[in-house]
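The structure that follows is given in the form of structure tokens.
The values are calculated or read from the model by the stated rules, or taken from the named source; none is laboratory data. Values in this document were obtained by computation on a predicted structure and should not be read as measured data. Quick reminder, even Gly has a Cβ in these numbers, built from the backbone with ideal geometry, and neighbours come from all protein chains shown. Surface accessibility is based on the protein's heavy atoms, side chains included, excluding ligands, DNA and RNA. Shrake-Rupley method; radii C 1.70, N 1.55, O 1.52, S 1.80 Å.
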Amino acid sequence: MDPMIKLLLVEDSPTDADLVLTQLQRAGLQLQTTVVDDEAKFRTALEASSPDIILSDFTLPGFDGLAALNIAQDRCPDVPFVFYSGTLGPEKARQMLSRGAVDYIPKGRFLRLAPAVERALRKSQLRQHRRTSEQALREKEQRLRDIVETSQDWIWELDAQGRYVFSNRAVKDMLGFRPNDLREKAYLDFVHSDDKALIQQTFESMRQEGYGMTGIIARWRTKSGDYRWLEKNALPLFDAQGQFNGYRGTDRDITQRMVHELTGLPNRALFCERISATLFALKEQGLPLVALVFDIERLTTINDSFGRSAGDRLLQLIAERMRSLLGDSRSMAHLGGGVFAVVFTDLVDAHDAAHILRTEIARLFAEPFVLGGHSVRLTAKSGISHFPRDGSDAETLLQRAEAALRKAKESGEKYLHYQLQMNTQVLERMSLENRLERALAEKQFSLHYQPTISLTSGRINGAEALLRWNDPATGMVPPAQFIPILESNGMILEVGEWALREAAGQMLKWRLQDLPPVRVAVNVSPVQLRRREFVAAVLETLARGTADSVDLDLEITESMLMGEMDDTVRKLKRLRSAGVRIALDDFGTGYSSLSRLATLPIDTLKIDRTFVQQVTEQHSSRALAATVISLAHAFNMKATAEGVETEQQLALLRELGCDSVQGYLISRPLPAQEFEVLLGENSARFRRLKS
């Protein structure tokens, strides 16, 4: 049915008015008509309600069409105004059109009237739609500008020559430069000399391959001349013809998590990253590498004798001597306390490693350290691991060197090389893996369901399906003990598919019992999401008829966004197009930037329980929770708070505008049968939570 058109007809002749209305109705127009014949009635009609269109004769007693047009232009300029008259000549008609009328129909040519009205209405609707779209675009652009300028991440853009053309204000806090200080400056002028080759190669790869990259880590020079560690996420820019235009990206200052704040040496994360890069080259050349971890003896005694500040100074002196004697700081690290690490690559083969290590450690501690006027001689215990014999990746080599160090300290040896039997955790892990395989075969896994409650309705609006393992030998095993093992050995793929099928089947069962409909969220492991067939596996589960796509949510974590961003987005978009909703779990604990968040097909942000538990005590946690909720709403997402345990937390989250809550205040995770009871009590039990 066509919509009703509100017509304001300015006509003093009832006969002409009837002719106009008859002609329009014959054309199929549905009209709600108000007829006026003088200025007072015209003004009253405009004040009563805004018409969709005004049709006006030009000559009326004591009132004319020009006056009506002027009044209409003042009161409702967006309403189309059409003249029909037998006295308005072509010249006068042109004047009226120039003053704002949209059309002129001579009396006697009423067949042209309906098309003119329809045409005027279409043009009016198009103008209104264009204005609405332009206003929405302006608001969106302003919102994005506000986000960019208030972001703590440095948002930047380079031209095709690698010169800065834009920076937001965050660069002032990060590097000390004002945005205009960087304009037209080449980005390579700010890169540490040791990192330039890596950065150049990375940016060139982006340009050639046409893909963005995440997690690029390098040192950038500050205005004061020192360097900060920045983590970069960047993508190349191309115009519609495929011409390369430059780069756009975001930077985050990660200096505190990349170097030890006391000694300035790389910390464990950076050290492992550097070893990984070195191992890649060594594998190609077939060369060995030795990792050495040493622990300063009697450091506790020195702290007790001279004070903690003196002990800190001693660690700084050790780091300075390491740089002086051992060379490139990229090959060394301060792992914490009195524990340091070094890698050696200048080896003919692994057999000369023992001699080199004895020589280097002896040189490092040959001379005493001067501490507060006292001469202090130091010794250290060392653990050693070899590539490729003891491991093929950085973390494994470091862990096995640490295992050898522990054995050296237990046995009193100066240094020991890693041997398999040193690491009892390896055997324990193998046992746990065997038990997990048996658990999958014998159906020892189950899902427990923890409800989420809408703070608007006070009803259960979803549930998170949580994996549980009841080991016949030991009872319920904490998820933190076995889920990492499932992920590392690949079993999570099979267990994850089982969890999807189990949750889908349970939803079907509840529907058949006429229980209130509820969405169920299943956690997805990074291992699952990286799998090429992941989307197909989820869609196959939905296609079996055990679940409607509209009932299923998938939860991913921030850490899963640090890898292949484009591939992740493509997979999530395919799932959303099938009706699956996506939640970003533990939000606030990782390193998601605003630019990354804006590109992700996310429906819900879940505030991590560590912030929720402190939201009533710590201002920073409260501010972070408020920020996450505001961000979610700004990006048309919902915000859910995890780990709600007190009424005070609930009240504050409601005040902050949180959409849903989850936690032990509501309910612990329940087996399926107990959750059914809770679902049946839905309305009555949680009425008190309603806003």
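Condition check ((1) in contact with an Asp or Glu (Cβ under 8 Å, 6 or more places away or on another chain); (2) surrounded by fewer than 19 Cβ atoms within 10 Å (Cβ to Cβ); (3) modelled with pLDDT of 90 or more) across all residues:
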position	(1), (2), (3)
LEU455	yes, no, yes
GLY458	no, yes, no
MET476	no, yes, yes
VAL527	yes, yes, no
ALA547	no, no, no
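Another question, if that's okay. If I go through the stretch 300-317 residue by residue, how many of them are at pLDDT 85 or above and not hydroxyl-bearing (Ser, Thr, Tyr)?
8
Cβ contacts < 6 Å: first residue under 17 Å from ASP12 (Cα atoms), restricted to the stretch 27-50; second residue open to solvent by 50 Å² or more (accessible area, probe 1.4 Å), any location; separation 6+ or different chain. Result?
ASP37/ASP12; ALA45/THR34
Okay, residues lined up against (1) on the phi < 0 side of the Ramachandran plot; (2) modelled with pLDDT under 85; (3) surrounded by 15 or more Cβ atoms within 10 Å (Cβ to Cβ); (4) outside any helix (DSSP H, G or I):
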position	(1), (2), (3), (4)
LYS123	yes, no, no, no
LEU158	yes, no, yes, yes
GLN161	yes, no, no, yes
TYR164	yes, no, yes, yes
VAL171	yes, no, yes, no
TYR211	yes, no, no, yes
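Can you run down the residue pairs with Cβ atoms below 9 Å, 6 or more apart or on separate chains, where the first is in the stretch 250-262 and under 20 Å from ARG308 (Cα atoms) and open to solvent by 60 Å² or more (accessible area, probe 1.4 Å) and the partner is not small (Gly, Ala, Ser) and not in a loop (DSSP other than H, G, I, E, B)?
GLU261/THR255
Out of all the residues in the stretch 53-76, which are touching a residue at least 40 places away in the same chain (Cβ under 8 Å), among the hydrophobic types (A, V, I, L, M, F, W, C) and either closer than 20 Å to VAL117 by Cα or loosely packed, with under 14 Cβ neighbours inside 10 Å (or both)?
If the condition is that a residue be touching a residue at least 40 places away in the same chain (Cβ under 8 Å), among the hydrophobic types (A, V, I, L, M, F, W, C) and either closer than 20 Å to VAL117 by Cα or loosely packed, with under 14 Cβ neighbours inside 10 Å (or both), then ILE53, ILE54, LEU55, ALA68 are the ones that fit.
What are the residue pairs meeting all of these: first residue in the stretch 335-357, first residue surrounded by fewer than 17 Cβ atoms within 10 Å (Cβ to Cβ), second residue among the polar types (S, T, N, Q) and at pLDDT 65 or above, Cβ atoms under 7 Å, and 6 or more apart or on different chains?
Close Cβ pairs satisfying both conditions: THR345/THR278.
With the checklist (1) farther than 15 Å from ALA463 by Cα; (2) in contact (Cβ under 8 Å) with a residue 60 or more places away in the chain; (3) open to solvent by less than 10 Å² (accessible area, probe 1.4 Å) in hand, flag the one item GLU555 doesn't pass.
Every listed condition holds for GLU555 apart from (1).
Would you point out the residue of the stretch 436-453, among those that are surrounded by 18 or more Cβ atoms within 10 Å (Cβ to Cβ) and farther than 28 Å from ARG581 by Cα, that is farthest from the chain's Cα centre (by Cα)?
My answer is ALA439.
Still on this structure, please answer the following. How about the stretch 258-286: which of its residues are more than 18 Å from ILE217 (Cα to Cα) and modelled with pLDDT of 80 or more?
Within the stretch 258-286, LEU262, THR263 qualify.
Taking only pairs six or more apart or across chains, which ones have beta-carbon atoms under 6 Å, a first residue in the stretch 383-399 that is free of Cβ contacts under 8 Å to residues at least 24 places away in the same chain, and a second residue that is crowded, with 24+ Cβ neighbours inside 10 Å?
Pairs found: GLY391/LEU397; GLY391/ARG400.
Among the numbered criteria (1) modelled with pLDDT under 90; (2) over 30 Å from GLY412 (Cα atoms), which single criterion is violated by THR250?
(1)
Something else now. Kindly provide the set of residues from the stretch 460-480 that are among the small types (Gly, Ala, Ser), free of Cβ contacts under 8 Å to residues at least 24 places away in the same chain and in a strand (DSSP E or B), ordered by number.
GLY475 - this is the single residue of the stretch 460-480 that is among the small types (Gly, Ala, Ser), free of Cβ contacts under 8 Å to residues at least 24 places away in the same chain and in a strand (DSSP E or B).
Among the residues of the stretch 381-399, write down those that are hydroxyl-bearing (Ser, Thr, Tyr), within 28 Å of LEU299 (Cβ to Cβ) and not in a helix (DSSP H, G or I).
Correct list: SER382, SER385.
Counting only residues that are modelled with pLDDT under 85 and within 58 Å of the chain's Cα centre (by Cα), which one in the stretch 77-99 is least open to solvent (accessible area, probe 1.4 Å)?
That would be MET96.
Now a separate question. Only one residue in ALA310, ALA281, ALA269 is in contact (Cβ under 8 Å) with a residue 12 or more places away in the chain, farther than 19 Å from LEU326 by Cβ, part of a helix (DSSP H, G or I) and open to solvent by 20 Å² or more (accessible area, probe 1.4 Å). Which one?
ALA269 is the lone residue from the list that is in contact (Cβ under 8 Å) with a residue 12 or more places away in the chain, farther than 19 Å from LEU326 by Cβ, part of a helix (DSSP H, G or I) and open to solvent by 20 Å² or more (accessible area, probe 1.4 Å).
Turning to a different aspect of this structure: Taking LEU265 and the conditions (1) farther than 15 Å from ASP195 by Cβ; (2) within 28 Å of the chain's Cα centre (by Cα), which numbered condition does it fall short on, given that it satisfies the others?
For LEU265, the failing item is (2).
So, one more: Just one of the numbered conditions (1) more than 30 Å from LEU175 (Cβ to Cβ); (2) in a helix (DSSP H, G or I); (3) open to solvent by less than 70 Å² (accessible area, probe 1.4 Å) is not true of GLU149; which one?
That leaves (1) as the condition not met.
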